[in-house]
Amino acid sequence: MSDDVESLRRGLHAGRERLLAVVAGVTEEQFKRRPPVEAGSTGPVWCIAEVLAHLLQQERLRAERIALALKRDGAEVAPTTDEEHYEAARAGRASPVPQLIHGLLASRREIERLLDVADGIEGGLERTISHPVLGRPDVGWMLREKVIAHEEEHAQQIEAIKVALAEAKSAAG
């Protein structure tokens, strides 16, 4: 196993542990409540369940693209739309939280399986997709930037949502 593969494996494991630690102890009501909109906010305001649903959708998308790159180097893919991202997130409010968590665990197992496949192929981490916006991202980059870093970004977002919910509750009385 290469150092790159081992480093990616550690990053995937640490990222998922951090995400699960961030959501540990959150109530069903907290999962589904959107925080107050901040002044100057331009993006969508998501509840924790919507963030998890977005992560799940994106991780499944990355798994599909990584599998495609491993099967056919340079395979062409179409970009997803913002509406697809928002629709996946909105579905999180209607989904039972355990279903989201189990989905995330299953998608991570698939990502790790694909990392094993990449490790068994000469130059597996360097296999690419052809994307009209991203260019030719390789498997290693997709894992680092679109799985590991993306999960960290949203773990921080969930921490901020928890703080905003606590502050709103405190201000309400």
> Counting only the heavy atoms of the protein chains, how much of His131 is accessible to a 1.4 Å probe, in Å² to the nearest 10?
Replying inline: 20
> Considering only protein heavy atoms and a 1.4 Å probe, what is the carbon-and-sulfur percentage of the accessible area of the chain?
Replying inline: 52
>> Given a 1.4 angstrom probe, what's the average accessible area per residue across the stretch 1-131, in square angstrom?
In response: 53
>> What distance in nm lies between label points placed 7 Å from Cα along the C-beta direction at Arg90 and Arg72?
In response: 3.3
> At what distance in nm do the modelled label points of Thr27 and Val45 sit from each other, each positioned 7 Å from its Cα along Cα→Cβ?
Replying inline: 2.0
>> Checking the cross-link filter: which aspartates and glutamates have an alpha carbon closer than 12 Å to that of Lys162, excluding same-chain neighbours under 8 positions apart?
In response: Glu29
>> Computed from the coordinates I sent, Rg/Rh (Cα atoms, Kirkwood Rh) equals one of (1) 0.93; (2) 1.04; (3) 1.01. Tell me the label.
In response: (3)
> In nanometres, what is the gap between the two model label sites at Ser2 and Ser170, each 7 Å from Cα along Cα-to-Cβ?
Replying inline: 4.8
> What is the gain in length, in nm to one decimal, between Asp82 and Glu64 on full extension, counting 0.36 nm per residue of separation less the C-alpha to C-alpha distance?
Replying inline: 4.6 nm
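The values are calculated or read from the model by the stated rules, or taken from the named source; none is laboratory data. All values reported here derive from a predicted model rather than from experimental measurement. Cβ coordinates were reconstructed from backbone atoms using ideal geometry, including for glycine residues, and neighbour counts include every protein chain displayed. These accessible areas exclude ligands, DNA and RNA; they are computed on the full protein's heavy atoms, side chains included. Shrake-Rupley method; radii C 1.70, N 1.55, O 1.52, S 1.80 Å.
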